[in-house]
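Q: I have a structure here, written as structure tokens, and I will follow up with some questions on it.
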Amino acid sequence: MKSPLKRSQDQEKKLADRYDGTVNPGSGNGWIHKNDVRSDRFSFEAKTTEKRSYSLKLDDLLKAEKNALISGREMVFAVELGGRNWMVVSQELFDTLLDT
């Protein structure tokens, strides 16, 4: 069984590889680059759990959105549950994605 840190690092690397981005080292404790992964367009906040549920909080979404906007990117909140990533985005972003 992988440790929570290893699962988190694996999730971040997979997101970075899939979306042509980079992992932000020390994203949780640094001040330069917040959120976990960034690509040209998106800033990903990544969470992973082996549990069957994850408690998503408004404060977490707003913080991730603020960090993404500061870097000139759009926020994606990726939650890994059951071995799959579930992407949470605002309705405004979802609407723009439908228009492209």
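The values are calculated or read from the model by the stated rules, or taken from the named source; none is laboratory data. These numbers were taken from a predicted model, which means no experiment stands behind them. Note: ideal-geometry Cβ built from the backbone for every residue, glycine included; neighbour counts use all protein chains shown. Ligands, DNA and RNA are excluded from the accessible area calculation, which covers all protein heavy atoms including side chains. Shrake-Rupley method; radii C 1.70, N 1.55, O 1.52, S 1.80 Å.
Q: State in Å² the accessible area per residue of region 1-95; use a 1.4 Å probe, count heavy atoms of protein chains only, and round to the nearest integer.
A: Numbers: 6610 Å² over 95 residues.
Per residue, region 1-95 has an accessible area of 70 Å².
Q: Can you pull the one-decimal nm distance between simple spin-label points at residue 17 and residue 92, each 7 Å off the Cα toward Cβ?
A: With each label point 7 Å from Cα toward Cβ, the separation is 3.4 nm.
Q: Let me ask another. Is there a pair in 13/34; 13/63; 6/66 whose C-alpha atoms are over 25 Å apart, and which pairs would that be?
A: 6/66, as the Cα separations exceed 25 Å there.
Q: Still on this model: Dipole of the chain (Lys/Arg Cβ +1, Asp/Glu Cβ -1, origin at the Cα centre): which of 46, 71, 83 lies farthest to the positive side?
A: Of the listed residues, the answer is 83.
Q: Just to confirm the number: angle between the C-alpha axis of helix 4-18 and the first principal axis of the chain, 0 to 90 degrees, nearest 10?
A: Result, in degrees: 40.
Q: Could you look at the chain and say what percent of its accessible area is carbon and sulfur, using a 1.4 Å probe and all protein chains? Please report the intermediate quantities before stating the final value.
A: Details: 3820 of 7110 Å².
Roughly 54 percent of what the probe reaches on the chain is carbon or sulfur.
Q: Another question, if that's okay. Would you mind checking the tilt of helix 58-70 against the longest principal axis of the Cα atoms of the chain, expressed as 0 to 90 degrees and rounded to 10?
A: Here the helix axis deviates by roughly 60 degrees.
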